[in-house]
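Working notes, structure below.
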Amino acid sequence: MSPRNIVAEAKRKELDILGICDHNSAENAEALIEAAGRLGLCVLPGLEITSQEEVHILALFGELEAALSMQERVYASLPGENSKSVFGQQIIANAEDEVLGFSSKFLAGATTLSLEQVVGFIHVLRGLAVASHVDRMGFGIIGQLGFIPPRLDLDALEISLHMSWDKGRRQFGPGRPLISASDAHFLNEIGQAATEFLLEEGTLDEIKMALKGVKNRKIIH
């Protein structure tokens, strides 16, 4: 899952926009943006943040600086250090797939940030807050809490590749926009699930409009 391999596989799968959302980190986002630019692909930098309730929230941004600012908040709230013997090395790479260093943070852990704080910080930085894989028990908001807090200002819900669009709409209703994504941890998983949008260009602002269904932007499926 190096930057060049990721974008080459995405190109082969005919994807136009990628979201790079490592667990609790955005340190490899810059490398992926650079590698993707060479192939004409758009990248939304972000993180998959684990709240103190052990719920995964996707944070997607339009600018790298915003993603790195979110990372600062996450790192300040992320206790512990990585155990290389258990989780392996957490590589920081460049666009040429060269290793620049390693993260010592316990990226697999939960932050001390509440769900409300996570979503609030994302919105302060003009990002999108999406509840990850809501159809999964592990680290999904419903699996962890049993419900979606009605006052939690989520922009969308994400279903995994294991749930169809029709079932997702029936189960989670029309209250919030629904998207799907691969949550790929291996190259062959890239593009196994995706969301098709009608946009003028591949930007976060355009996706925000599509989620709201305004100015002819929309989610196709």
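Overview of results
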quantity: Full-extension gain in nm, E116 to E34, via 0.36 nm per residue minus C-alpha separation; calculated: 26.3 nm
quantity: Pairwise FRET efficiency - M1 versus L198, Cβ, R0 = 41 Å, nearest 0.05; calculated: 0.90
quantity: Projected label distance in nm at F186 and Y75, using a 7 Å step from Cα toward the beta-carbon; calculated: 3.1
quantity: In nm, spacing of pseudo-spin labels at S164 and H123 (7 Å Cα→C-beta vector); calculated: 3.5
quantity: Around R4: net Lys/Arg minus Asp/Glu count, Cβ-Cβ under 11 Å; calculated: -3
quantity: Highest-first arrangement of 85-95, 16-26, 208-218, 155-165, where packing means the average Cβ count within 10 Å; calculated: 16-26, 155-165, 208-218, 85-95
quantity: Three-way shape label, the range 98-192, alpha-carbon gyration tensor, a/c 1.5; calculated: oblate
quantity: Prolate/oblate/rounded label for the range 55-107 (Cα gyration tensor, a/c 1.5); calculated: oblate
quantity: Integer Hz, Karplus 6.51/-1.76/1.60 couplings in order for the range 37-48, x for Gly and Pro; calculated: x, 5, 10, x, 9, 8, 10, 9, x, x, 9, 9
quantity: The chain: most fluctuating residue of R38, R136, R170 per GNM, C-alpha cutoff 10 Å; calculated: R170
quantity: FRET efficiency, 1/(1 + (r/R0)^6) with R0 25 Å, evaluated for S104 and D16 via beta carbons; calculated: 0.10
quantity: Selected from F106, F139, F172 as most flexible by GNM, with the chain as the system and alpha-carbon contacts under 10 Å; calculated: F172
quantity: Whole-Å distance, taken between Cα centres, linking the range 104-156 and the range 194-210; calculated: 22
quantity: Karplus (6.51, -1.76, 1.60) ³J(HN,Hα), θ = phi - 60°, over the range 182-188, in Hz, Gly and Pro reported as x; calculated: 6, 6, 5, 10, 9, 4, 5
quantity: Global form of the range 163-217, assessed from the alpha-carbon gyration tensor, a/c cut-off 1.5; calculated: oblate
quantity: Taking the chain and dividing mean pair separation by its residue count, relative contact order in percent (alpha carbons under 8 Å, at least six apart); calculated: 18
quantity: C-alpha center-to-center spacing [the range 77-101, the range 17-44] in angstrom; calculated: 16
quantity: Calculated FRET efficiency for the pair Q171/N94, C-beta based, R₀ 41 Å, to 0.05; calculated: 0.50
quantity: Additional length obtainable on full extension of the chain from I220 to M137, 0.36 nm per residue less Cα span; calculated: 27.2 nm
quantity: Residue pairs, from the table K11/K215; K11/K167; K13/K167; K84/K167, whose Cα atoms sit over 31 Å apart; calculated: K84/K167
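Readers should treat all values here as calculations from the given coordinates under stated rules, not as data from a laboratory. Bear in mind that the values here come from a model prediction, so they are computed numbers and not experimental data. For neighbour counting, all protein chains shown are included, and Cβ atoms are generated from backbone atoms with ideal geometry for every residue, glycine included.
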